[in-house]
Each structure stands twice: as structure tokens, then as C-alpha cells.
Amino acid sequence: MRRMLYLFPVLSLLLTGCSALPYAHQIDKTALMEVLGVDGSGTGTVTVTAASGPRPESQDPLVLTAQAETISAACADMGGRGEDYVFFGDVEQVLVGEEAARAGLEPLLGHMVRDPELRLEAELWVVKGADASEVLLGAGKGESLPGRLSALSRNAHLLGGPRHQMARGALTDLLENGATLLPALERREAEDGQGAQGEYVLEAAGYAVIRDGLLLGFTDEAATLGADLLRGLGKGRILERPGPEGGAVALKLTGVKTTFRTRFSGERLTTLVVNCALETQVMEEAGSAARLGEEDRKRLETELAGLAEEAVRAALDCFQGLEADAIHLLDRVALAVPWKKAALEEHWREVFPDLALEVRAEAAVAREQ
């Protein structure tokens, strides 16, 4: 967290509403960039790639890339090419390559804080196992990368996928808590039936765990679900379980409630008890003509409770192993014992990695009408 302290003065100005306006330019002579990609190892040059959305007169999206020692210089280089003014004020998605994220997000966040065009409301993504430039330069002909990223963000709310994170929220998390989660993307070869316009598809790939501005690792499928359940998120997610006649049952997550209890030794927290309750409803029963019986419903509830318990444990194991309270667990625990808040804040970073955990989960499958 100390690595991020130098951004405090500038951030305070932005949070109070102070900003600079870009110079006026003719709209027909302006290239409106919507996605920005940043790559680099932190020891040499930085590569910045920018992509526009759909352009007038059925032109393909414009993609520019430049290298320099700083993000500012690379952006300026792109702006000096051609006859159009390159405008970054419409950037809504910022992609960071894995290598750049492991080297540190400080240069990017510092640039976003100070640049008069870039907005801190832009969403941040980490590209798992690749550079951001590969995603922007590898888009299929006629493919709208801004549209695909917006769809991933929108579907996260509707279908309970990994939640997006704005640059402002990530920066606030790092300054206040030292850690945050960013949604991860993965570029995979397209398979038959995926409707891809190119050779690759862009898919959500869990969360990137950031501590002190550095990428430490990624959550797997179980830990991704667990991270959401710990925050009371995940509504809309579809969970498939084996059905009674060899098919599958699709269950929609309709409610999540997670609570915490604590055990102390003096002023130090020793054990955290996590209770997670799920509510679901049956959406589809593939391969079965009969409705679920009571025994089947009870079996599904037991399986879902086990799934939730494993997911929560996977998330907590991940965060403890990386020594990163990436979901502000301290704040949630403090709500359970507000009279112990001062003691929790004093010892949290020290006790969190070795904190004993007890996880309990229960699930309810709504009876079919």
C-alpha cells in the first residue's frame, strides 16, 4: 500500500470534481478511441495499443500502437500520426497484459489520474497469459472489441460472472486496503459453434489478485465463485448438477447471504467462521420428463452446499496464500464485531494469512410450482 501513497494528492483533486477539458476538435477529424491496452515489463519500454469503435462510412475500427519509455509518450506518439486527432476521452475499457500487471500498475494508474482525457470510470481488465496488444491487434475483421468487452461486463451483472472494476475503485482499494480484484480475460482459440469472427475468442477468466499494485496471481473457477459468495454476489449464475435420470439440472442462483462470526484471544482474532446461504430455482431439467421429487431436491441442496463450501474455502485459501485481502474482508468482519474494529484494524495484516477458518454452507432449491 505504501507504493501507492504518492497518488493521494492527485486522487483527492479528482474525487472533488476537478478536471481538465480537452481542446475542441472537429468531430469528423477525430478518432475516438474506446479501448486502451498497456504492455511492458517495467524495465524498459512500454507498449500502448488503442482501438476505436465502429467508424463512419463502414470503415474498420482504427487500431494504433506505439512504444516509448512512458505511457504518456506512447499516447502522444499515436496522436501525432495521420490527419485525425486521436482522442482518448471515450476510453471505457483498459486492458493490461499479464507481464505489465506483474511489473506493477502504478505507471498506468498514475497516468490515468493525471491525464485530462482518460477517465477513472474506465473499467480495468488483466489479460491472462498474453499481452493486451495481442487482443487488440488480433480482433477479427469487422469485430467490435469495445462491444465484446461491454457485453462481458453487462453479462457479469445478468449472469453472475466476475464483476468489473473501475480504475477509480481499484485505486481506492489499493490506497485504503492494499489489495483489489480485477476481472481477467483470456484469449482462446475459437471452437466450432462459438460464432467467432476470427480465430480467437475473448472470454472471462476469473479474477486477477492485485496487492500493493502488483499482480500476484489469478483465481481458479472455484475461487472465483467463492470470492463472489463472500461478498454476497453471484445472483444470476447458472449452476449445473446431475439430474435424477442421468441428465442435468440447471439451477439459477437467486440469493446469496454470507455472514461472519469471530473468535478472539485477547485483542487478536484467531478464528473466522463463515456462514454462506444460497437460494436457487430450477431453470431446466435436461433428459428428464418427470419433475424433481423431494428426495432429488434434498440431494441437490446438499450438493450445492458442498459446492459453496468448497468455493469459499478456495477463495480464502487463495487470498491467505497471497497475503492479500482483495475483497475487503476486514470491513465485513468488523461489521460483525464493531466494538473490536480498532483491534481488528491494528492486527489484521499480521493475522490474516494464518487465520483459522471454519466454513459452513447451506442451500435451498425452491419447490417447483
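The values are calculated or read from the model by the stated rules, or taken from the named source; none is laboratory data. These numbers were taken from a predicted model, which means no experiment stands behind them. Heavy atoms of the whole protein, side chains included, go into the accessibility calculation; ligands, DNA and RNA do not. Shrake-Rupley method; radii C 1.70, N 1.55, O 1.52, S 1.80 Å.
Annotation: per residue accessible area for region 76-171 equals 39 Å², rounded to a whole number [probe 1.4 Å, protein chains only]. Using only the alpha-carbon atoms of region 101-235 as identical scatterers, what base-10 log of I(q)/I(0) does the Debye formula give at q = 0.09, 0.10, 0.15, 0.16 Å⁻¹? The Cα Debye sum returns log10 ratios of -0.27, -0.34, -0.78, -0.88. Counting heavy atoms of the protein chains alone, D325 has an accessible area of about 10 Å² for a 1.4 Å probe.
Averaging the Cα positions of each part gives two centres, and for region 84-124 and region 266-306 these lie 40 Å apart. With N counted as the residues of region 205-269, its alpha-carbon radius of gyration over 2.2 N^0.38 Å works out to 1.58. For the residue pairs K252/K298; K128/K257; K257/K340, the C-alpha atoms sit more than 25 angstrom apart in K128/K257.
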